[in-house]
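Working notes for the structure below.
The values are calculated or read from the model by the stated rules, or taken from the named source; none is laboratory data. This structure is a prediction, so every number in the text was calculated from the model and none was measured. Using ideal geometry, Cβ is built from the backbone for each residue, glycine included, and neighbour counts are taken over all protein chains shown. The area values use the complete protein model at the heavy-atom level, side chains included, leaving out ligands, DNA and RNA. Shrake-Rupley method; radii C 1.70, N 1.55, O 1.52, S 1.80 Å.
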Amino acid sequence: MSDKIPVTVLTGYLGAGKTTLLNRILSEPHGQRFAVIVNEFGEIGIDNDLVVGADEEVFEMNNGCICCTVRGDLIRVIDGLLRRKGKFDAILIETTGLADPAPVAQTFFVDDTVQARTRLDAVVTVADAKWLSERLKDAPEAKNQIAFADVVLLNKTDLVTPDELAEVEARIRGLNPFARLHRTQRCAIPLNEVLGRGAFDLDRILTLEPDFLEGEDEQDHACGCDHDHGHGEDCGCGHEHGHDKSDDKDCGCGCSERDEAGRIVHRHGGLKHVHDEEIDSVALETEAPLDPEKFFPWIQNMVAVDGPSILRSKGILSFKDDPDRFVFQGVHMILDGDHQREWAEGERRSSRLVFIGRKLDRAKIEAGFSACIAA
């Protein structure tokens, strides 16, 4: 039996249910201790506060997409974890909904230290039964996540008809006939179906990505522009490396190029992958309590009008005269929310929202949110 630490990568497009699956894993009485790495799209981290499990340490990476701009940070986080061996049994990595899992998986084969101490157990992709077919048409990331999966959870099956379910399952099978596929609601699945599978199949990946094992000269992009891409700050070469400023991506320094459709193609050693550069995020935060009589009509009207452009929304809210944190999650026009728990003593009480979508009207969203502050 290998003494390498197993790593499970949880991926899936925006709003599919990755955090729900992560919370299920952490909540089950499995007796294992996990180190959790959460990567978010957007400048405000929310997923970290949505992860349950007081015994786990959660490492948040929200300064870019884990599959490219912060992969160096991922290696550094794992290196730090490995120096603390004995405090956890396995590593869980939740990627952003816009991550290509190939470069993330490649990390476990091309970095010497990581390869010597860890083994990639499986790439588990959560797919939204209601929206996946649409996303396969316009989101290259969604297609890559399915193609690269060892295990697919076809989630939210209660939101579609049997015919729609059969269609989306056929689309998944067309992209990846090898992955184990499970139909789920709220990611309810026995943990032995997603953990300890030893399911990552390098031979299959090499048929899919022949250059998968072709590493880079450095941990981050080998772009030749003499800067480190493993950060989210302006490195001095005139552009930001995060994925939230689409007009800054094509820096012209050789780390990326555009395909025939005008999309940015990132390179990672022998790998290359495409991001939808029209996608942006709007993050909002205030410590002033919100008025629920104003907030709910505003958010419901916004998703009703702009829902097709809003791929994902989520927030942790503080309402006036309400002792509880209110958490809401949204995908397009579908919203779901509830009181989560009481605000803890000494906890910074604030409202944080993130919208991810195409051509978002930042000024309009900010103005609408400001109008929800209680008098």
Determine, from the Cβ-Cβ distance of E193 and E214 and an R0 of 45 Å, the FRET efficiency 1/(1 + (r/R0)^6), rounded to the nearest 0.05.
0.90
Given backbone amide H placed at 1.01 Å from N, residues whose amide H is under 5 Å from that of F319, ignoring those fewer than 5 places away on the same chain, are L290, F326
Count neighbours as other Cβ atoms within 10 Å of each site's Cβ, and list the GluC sites (Glu not before Pro) in the stretch 294-364 that are DSSP loop with at most 15 such neighbours.
E345, E347
Tell me the net charge near R197. Cut-off is 9 Å between Cβ atoms, R197 excluded, with +1 for each Lys or Arg and -1 for each Asp or Glu.
-2
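Please report, as a whole percent, how much of the solvent-accessible surface of the stretch 279-372 comes from carbon and sulfur atoms (probe radius 1.4 Å).
49 percent
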Taking the mean number of other Cβ atoms within 10 Å as a proxy for protection, how do you rank 363-372, 153-162 from highest to lowest?
153-162, 363-372
Whole-Hz Karplus ³J(HN,Hα) for the stretch 88-101, in order, using 6.51 cos²θ - 1.76 cosθ + 1.60 and θ = phi - 60°, x for Gly and Pro?
8, 9, 7, 10, 10, 10, 9, 7, 5, x, 10, 7, 8, x
Using θ = phi - 60° and the Karplus form 6.51 cos²θ - 1.76 cosθ + 1.60, what ³J(HN,Hα) does each residue of the stretch 194-209 get, whole Hz, x for Gly and Pro?
10, 10, x, 7, x, 8, 5, 10, 5, 4, 5, 5, 5, 6, 7, 10
Computed ³J(HN,Hα) along the stretch 174-181: with the Karplus parameters 6.51/-1.76/1.60, θ = phi - 60°, integer Hz and x for glycine or proline, the list is x, 7, 8, x, 9, 5, 6, 10
With a probe of 1.4 Å, find how much accessible area the stretch 110-209 has per residue, and write the answer as a whole number in Å².
45 Å²
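Which of the pairs K130/K359; K130/K314; K137/K294; K18/K137 have their Cα atoms more than 30 Å apart in this structure?
K137/K294
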In square angstrom, what is the accessible area per residue of the stretch 279-372 with a 1.4 angstrom probe?
47 Å²
Accessible area, 1.4 Å probe, largest first: how do H30, H332, H339, H182 sort?
H339, H30, H182, H332
Which whole-number percentage describes the relative contact order of the stretch 279-372, with Cα contacts under 8 Å and a sequence gap of 6 or more?
42 percent
